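Beneath this line is the structure, given in structure tokens, with notes to follow.
The values are calculated or read from the model by the stated rules, or taken from the named source; none is laboratory data. Every value quoted in this text rests on a predicted model; they were computed, and no experiment measured them. Neighbour counts are summed over all protein chains in view; Cβ atoms, including those assigned to glycine, are modelled from backbone coordinates with ideal geometry. For the accessible areas, the whole protein counts, side chains as well, though only heavy atoms, and no ligand, DNA or RNA atoms are used. Shrake-Rupley method; radii C 1.70, N 1.55, O 1.52, S 1.80 Å.
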Amino acid sequence: MEEINKRTALIIVLSDLGSQGKREDTAGESVKKILKDYAFNISQKIIIPDDYDTLVSLLIDSTSESFQKVDMILTIGGTGLSPRDITPEATKQVLDVEIPGIPEIMRLKGYEFNNFSILSRSIAGVRNKVLIINLPGSLKGATESLEIIIGQIEHLLTQIQGKIDSAHKEMHSES
């Protein structure tokens, strides 16, 4: 397994019951384990209610230049179709640029495991050179979605931060 240069991630779990201590957070813990297996430092795992304003404020604060720097924020939950599922809208509110390919491949490949993956409204993008990705709230959905994209994250972060990685060095040397 290739090490990812000790990048730092923030995990935000959206769950009304979880934020009240009435539901165990299995999805967030699974995502945390995967990231640690790929040599990520976890700055924090926060559980908040499904609240638009709370998520927008947290995303803005967590990507501000004065905040302790994180490379990536993964949100877990709030991507479905219930009235309290606000994660995509709140995330879209703060993004500088959207990256549609990430959630597209998560839904497409996820469909091979679970037909309901196409109902996810996850989005991904960048704010202030921080990658933000919405993952589904279920243990299976969050884990499978992250496993689908984890191999591309280092390359994404390198591009977002304006650095040249080995993939780009090879492309430039061929031209």
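When you scan segment 129-137, do you find a residue that is over 22 Å from Ser15 (Cα atoms) and surrounded by fewer than 22 Cβ atoms within 10 Å (Cβ to Cβ), even just one? Scanning segment 129-137, I find at least one residue that is over 22 Å from Ser15 (Cα atoms) and surrounded by fewer than 22 Cβ atoms within 10 Å (Cβ to Cβ), so the answer is yes.
Is it true that Val56 is assigned to a helix (DSSP H, G or I), touching a Leu at 6+ places or on another chain (Cβ under 6 Å) and within 19 Å of Val130 (Cβ to Cβ)? It is false that Val56 is assigned to a helix (DSSP H, G or I), touching a Leu at 6+ places or on another chain (Cβ under 6 Å) and within 19 Å of Val130 (Cβ to Cβ). Within segment 35-47, the residues that satisfy the criterion of being open to solvent by less than 30 Å² (accessible area, probe 1.4 Å) and either part of a strand (DSSP E or B) or among the aliphatic types (A, V, I, L, M) (or both) are Leu35, Ala39. What about Lys32, is it closer than 19 Å to Ser145 by Cα, in contact with a strand residue (DSSP E or B) (Cβ under 8 Å, 6 or more places away or on another chain) and assigned to a helix (DSSP H, G or I)? Here the answer is yes, as Lys32 does meet what is asked. For segment 86-108, the criterion of being free of Cβ contacts under 8 Å to residues at least 40 places away in the same chain, of a type in the set (Lys, Arg) and open to solvent by 20 Å² or more (accessible area, probe 1.4 Å) is satisfied by at least one residue.
When residues of segment 63-94 are filtered for being of a type in the set (A, V, I, L, M, F, W, C) and within 12 Å of Asn134 (Cα to Cα), how many remain? Within segment 63-94, residues that are of a type in the set (A, V, I, L, M, F, W, C) and within 12 Å of Asn134 (Cα to Cα) number 6.
How about segment 34-89: which of its residues are β-branched (Val, Ile, Thr) and in contact with a Phe, Trp or Tyr (Cβ under 8 Å, 6 or more places away or on another chain)? The answer is Ile86, and nothing else. Give me the residue from segment 64-83 that is surrounded by 15 or more Cβ atoms within 10 Å (Cβ to Cβ) and in a loop (DSSP other than H, G, I, E, B) and, out of that set, farthest from the chain's Cα centre (by Cα). If we take residues in segment 64-83 being surrounded by 15 or more Cβ atoms within 10 Å (Cβ to Cβ) and in a loop (DSSP other than H, G, I, E, B), then Gly80 is farthest from the chain's Cα centre (by Cα).
Based on this model, can you work out whether Ile48 counts as of a type in the set (A, V, I, L, M) and free of Cβ contacts under 8 Å to residues at least 60 places away in the same chain? For Ile48, the condition - of a type in the set (A, V, I, L, M) and free of Cβ contacts under 8 Å to residues at least 60 places away in the same chain - is met. Just one of the listed residues (Asp61, Asp50) is part of a loop (DSSP other than H, G, I, E, B) and either within 16 Å of the chain's Cα centre (by Cα) or at pLDDT 95 or above (or both), namely Asp50. Applying the condition of being within 17 Å of the chain's Cα centre (by Cα) and among the acidic types (Asp, Glu) to segment 16-34 and asking which residue is surrounded by the most Cβ atoms within 10 Å (Cβ to Cβ) yields Asp25. Across segment 28-38, not a single residue is classified as of a type in the set (Asp, Glu) and touching a Ser or Thr at 6+ places or on another chain (Cβ under 8 Å).
Here is the figure for segment 76-103: residues that are more than 27 Å from Ser43 (Cα to Cα) and not aliphatic (A, V, I, L, M) total 2.
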